[in-house]
1. Restricting attention to the range 147-169, which residues are among the charged types (D, E, K, R) and assigned to a helix (DSSP H, G or I)?
2. So is Phe124 in a helix (DSSP H, G or I), among the aromatic types (Phe, Trp, Tyr) and touching a residue at least 40 places away in the same chain (Cβ under 8 Å) or not?
3. For the range 159-181, check the following and say yes or no: at least one residue is at pLDDT 95 or above, within 29 Å of the chain's Cα centre (by Cα) and closer than 29 Å to Gly74 by Cα.
4. Within the group Lys246, Lys237, Lys229, Lys202, which residue is in a helix (DSSP H, G or I), within 22 Å of the chain's Cα centre (by Cα) and not small (Gly, Ala, Ser)?
5. Residue check: is Asp109 part of a loop (DSSP other than H, G, I, E, B) and more than 30 Å from Gln191 (Cβ to Cβ)?
6. Would a scan of the range 254-264 turn up a residue that is modelled with pLDDT under 80, surrounded by fewer than 10 Cβ atoms within 10 Å (Cβ to Cβ) and over 30 Å from Leu149 (Cα atoms)?
7. Return the pairs, sorted by first residue and then second, in which the second residue is crowded, with 24+ Cβ neighbours inside 10 Å and β-branched (Val, Ile, Thr), the first residue lies in the range 130-146 and is assigned to a helix (DSSP H, G or I) and at pLDDT 95 or above, the beta carbons are less than 6 Å apart, and the residues are 6+ apart or on different chains.
8. Just the residues that are buried (at least 19 other Cβ atoms within 10 Å of the Cβ), touching a Pro at 6+ places or on another chain (Cβ under 6 Å) and aliphatic (A, V, I, L, M), please, taken from the range 119-149.
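The values are calculated or read from the model by the stated rules, or taken from the named source; none is laboratory data. It should be emphasised that the depicted structure is a prediction, and the values quoted were computed from it without experimental measurement. Here the Cβ positions follow ideal geometry from the backbone for every residue, glycine too, while neighbour counts run over all protein chains shown.
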Amino acid sequence: MKELIAVCRGVWKYAQTTTASSLRGTKQSHFMRDCHASCKNGTGSTSLAMTVLLALFAASSAFAQEPNENITKGNKLYDEGKFGEAEVTYREGQEAGADPFISGFNLGDALFKQERYEEAATAFQALPNLTDDKEQKASAYHNLGNSLLKAEKFQESLDAYKQSLRNNPRDLETKYNYSYAKRMLQQQEEQEQEQDQDQDKKDEEKKDDQQKQDQQDQKQDEKKDEEQKQDQQQQEKDQQQQEEQKEQEPKEGEISKEDAERMLDALNQDEKKIRDRLEEQKVRKGAKGNIEKDW
């Protein structure tokens, strides 16, 4: 039904312009739920659409221009689902001087069918400046909106749909797609907000974890510094003791203080013994002399 909408509108457009018979469905709404009354009161059947096409072609054959053969060939390839080949043929038509709006529009359709949405958007974006016809402008902006919508550029697609409605305010497809894009934009903004909140939460948690880690690192550094300080103090103490011991050790050819004191004590003891013996001998001599004198 979506393709039928596009075909019917292409048929209707042909009746308005001499070269529009080469125009691949003016609009292909990829988001419409139901095929609304299209083709200017068409019944929605493909056979009827083709009948209308033939009738309109006959009515306008007297003044219609011969369509560029590249566009005709490209449309056939497009209908066969050979969108890549159709793209190449439309580009060849552009180089051969085919109508810039028609070739550009059909090229955009072929790119869209290949899901190359940003390239399709580029093709459609150039079209409004190539025509003064409001319906063609509306169609170009509509498909530009579709391409941007599929590329998930929702705000830009809304802007394109607005431009389409300015040129064709009664278009139901564009109105629906505008509402759809608006909902998608709202969902995107909500998701981004949730993601931002989640990211803020993660950043806060990460910050807290980092602070805890920094505190642990600081405590470990302080403990390490204290241990190093204690080790240094112990090393200094041991070094001092070693130096003191070294000072107390006698030099070569000298006796230690302890040995000197022992020797002095020994000499003092010897001297005392000598004095004691001398005193004892003196006493004995004195006693013997007194006895002889008495005799």
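1. Taking the range 147-169 as the starting set, the residues that turn out to be among the charged types (D, E, K, R) are 150, 152-153, 156, 159, 162, 166.
Within the range 147-169, Lys150, Glu156, Asp159, Lys162, Arg166 qualify.
2. no
3. Looking for residues that are at pLDDT 95 or above, within 29 Å of the chain's Cα centre (by Cα) and closer than 29 Å to Gly74 by Cα, one finds at least one in the range 159-181, hence yes.
4. Lys202
5. no
6. no
7. Short answer, once both residue conditions are applied: Ser139/Thr26; His142/Thr174.
8. Within the range 119-149, just Ala140 meets the criteria.
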